[in-house]
Amino acid sequence: MLAVALLMMKAVTATADEVDLRTARVVCCDTNSPGCRQAAAELEKHLGLVAGTREPAAGGWTFAVGKRPAGEPEPAAYESKAKVVGRTVCFWGEEAEHGEESTRGPLFAVYEFLEKALGVRWFFPGDEGIGAPKRTSVELKEGDAWHFEPALEMCSFRVYDNWKRRYKKSPGVPKEFQIARKDFDRIHSDMRVWYDRMRLASRDRQKSGHAFKDWQGRYLKDHPDWFAYIEHPDLVRDGKPGRGVKDSEAGRIHACHSNPDVAAAVVADWQAKGAPRRLNLCLNDGKYCFCHCPNCLALDTRREGENFLDHLTDRVVFFYNNVMERAMKVRPDVDAVAYAYSTYRNPPRREKLRYGDNMTISFVAAFGDDYEKNMEDWAAVGMRRFYLRPNYMCYAAVFPRGAEKYLYDVFKAGLKHGMVGVMYDGMPRPVTDLEYYVIATLARCPERGFDEIVDEFYTQYGAAASAARTYFERVRGRSDRFVGRTRGAKDAAVRQRLDDSELAKY
């Protein structure tokens, strides 16, 4: 009986087949789908990089892009799958619009197969950043399968398209290092493709960004008391202190956050749009545009020796609470997104987030912060959901920074404290290649370890991998020492010098 059982087991165990990557055919099974066409083209490109000269032949193996095998259920939302059926590898997945997100099921299935089955890596935007180990065949067997779904609720990496601002006029960048428009357009396209190759996708996305940039133009004339009382000489209107800022800085204005009419106006504005479930409360940029009226100053919890800009969080949280109290009467399931940012990124000292269950905090940590303590302290005052949205990657200097371990540690701390996603501002530059590889890999695979990721990155240098390791570790050590010296420094400009292009000014 035992012998019979062993024979039966052998009969049903699939045997591996040696698939010749030079002759396997790539077929797009849904030519009406741009996603399937892109996926098939990417698969063909990468097979050529791996196997060299390709001469697809009939009667051999087929890579069928956009084909769901018989008996397989419809893919779940955001799901990508690949599976070996007979002598065919099928690639399929959801292709749909989800608000701001469009899913790329077959495309991500192709990338998952290329990475897991063939060892392909994408170290940096552009085809020159592809790591494709040379091989002419791969062993596959019936039932082999690959699967991908976004690990985080939100995974957003910024794509800039403003050439003049981001390159031609970047502060401190010598003319010789500036990038021509045609090169920027190529970089921009390569970056979008790289984000897909790294499978940086969200299951849900909060529509954030500065929400009140048009308010001065809309409301200042009829409601000046809604706006901040400004004293800064470079910002005042008509050369004297008063409500609002000069028109050229209108996009940076703040409200008079102590005025209850402002909270009512925010909710009325939201209701006029149909009171959607999402409500954006993210304040404008402009740390010098906060209100100096007595009522707003009375909301602050400034300590002895602190200046006006050191801690403005309590007035901002007071404003959030006033808006949320009104909004929840209109729609109890409202989900607001709001910043913890700049001069109000540290937790409040008096106020609590009274409606934290209905808010997602866009947590803008900065270099030099005690980021883990801040996460803990924000949770203690009512933060229930947050995503990491730093300006770390807005880096315009032309020499390497070496902050990849720091970025890794902040990401892991976020996971520990309930982070639901990431939104990185900035864009890949050659001097941030390892930094981007680390955070992009984490965003896809949050469980991975630092040494594992950087060791993988060094493989692109082949015989020079050891020298590359020495170089990157030396740069990283310099960066770690700098962060260690500046952490806790009284001067915010010193603490944040590696953040948000600050270093380029020096």
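Residues of segment 48-64 that are in contact (Cβ under 8 Å) with a residue 40 or more places away in the chain and either surrounded by 14 or more Cβ atoms within 10 Å (Cβ to Cβ) or closer than 18 Å to Ala132 by Cβ (or both): Leu49, Val50, Ala51, Gly52, Trp61. Thr313 meets the conditions (1) open to solvent by less than 10 Å² (accessible area, probe 1.4 Å); (2) touching a residue at least 40 places away in the same chain (Cβ under 8 Å); (3) not basic (Lys, Arg) in every case but one. The failed one is (2). Restricting the first member to segment 358-381 and to residues that are over 16 Å from Gln496 (Cα atoms) and in contact (Cβ under 8 Å) with a residue 60 or more places away in the chain, and the second to residues that are among the β-branched types (Val, Ile, Thr) and open to solvent by 10 Å² or more (accessible area, probe 1.4 Å), the beta-carbon pairs closer than 8 Å and six or more apart or on different chains are Thr360/Val420. Quick check on Ile179: is it surrounded by 13 or more Cβ atoms within 10 Å (Cβ to Cβ), modelled with pLDDT under 90 and over 30 Å from Arg385 (Cα atoms)? Yes: the conditions hold for Ile179.
Condition first: surrounded by fewer than 20 Cβ atoms within 10 Å (Cβ to Cβ), under 19 Å from Cys291 (Cα atoms) and not hydroxyl-bearing (Ser, Thr, Tyr). Now tell me which residues in segment 319-348 satisfy that. Residues satisfying the conditions are Asn321, Asn346.
For segment 263-291, a tally of residues being within 22 Å of the chain's Cα centre (by Cα) and either among the basic types (Lys, Arg) or outside any loop (DSSP other than H, G, I, E, B) (or both) returns 3.
Consider segment 41-60 and keep the residues that are of a type in the set (D, E, K, R) and assigned to a loop (DSSP other than H, G, I, E, B). The one that is nearest to Thr136 (Cα to Cα) is Arg54.
For segment 69-84, name all the residues that are of a type outside the set (Ser, Thr, Tyr) and at positive phi.
Matches in segment 69-84: Gly71 only.
Just one of the listed residues (Glu100, Glu95) is at pLDDT below 95, open to solvent by 60 Å² or more (accessible area, probe 1.4 Å), touching a helix residue (DSSP H, G or I) at 6+ places or on another chain (Cβ under 6 Å) and not aromatic (Phe, Trp, Tyr), and it is Glu95.
Does His210 satisfy being under 21 Å from Leu297 (Cα atoms) and in contact (Cβ under 8 Å) with a residue 24 or more places away in the chain?
Considered against the rule, which asks whether it is under 21 Å from Leu297 (Cα atoms) and in contact (Cβ under 8 Å) with a residue 24 or more places away in the chain, His210 comes out as no.
Taking the conditions exactly as written (over 15 Å from Tyr288 (Cβ atoms) and either of a type outside the set (Ser, Thr, Tyr) or out of contact with any Lys or Arg (no Cβ under 7 Å at 6 or more places or on another chain) (or both)), does Asp222 satisfy them or not? Judged against the criteria, Asp222 is a match.
The values are calculated or read from the model by the stated rules, or taken from the named source; none is laboratory data. As the structure is a computational prediction, the values presented were derived from the model and not from experiment. Cβ coordinates were reconstructed from backbone atoms using ideal geometry, including for glycine residues, and neighbour counts include every protein chain displayed. Areas reflect the complete protein model, heavy atoms only, side chains present, ligands, DNA and RNA absent. Shrake-Rupley method; radii C 1.70, N 1.55, O 1.52, S 1.80 Å.
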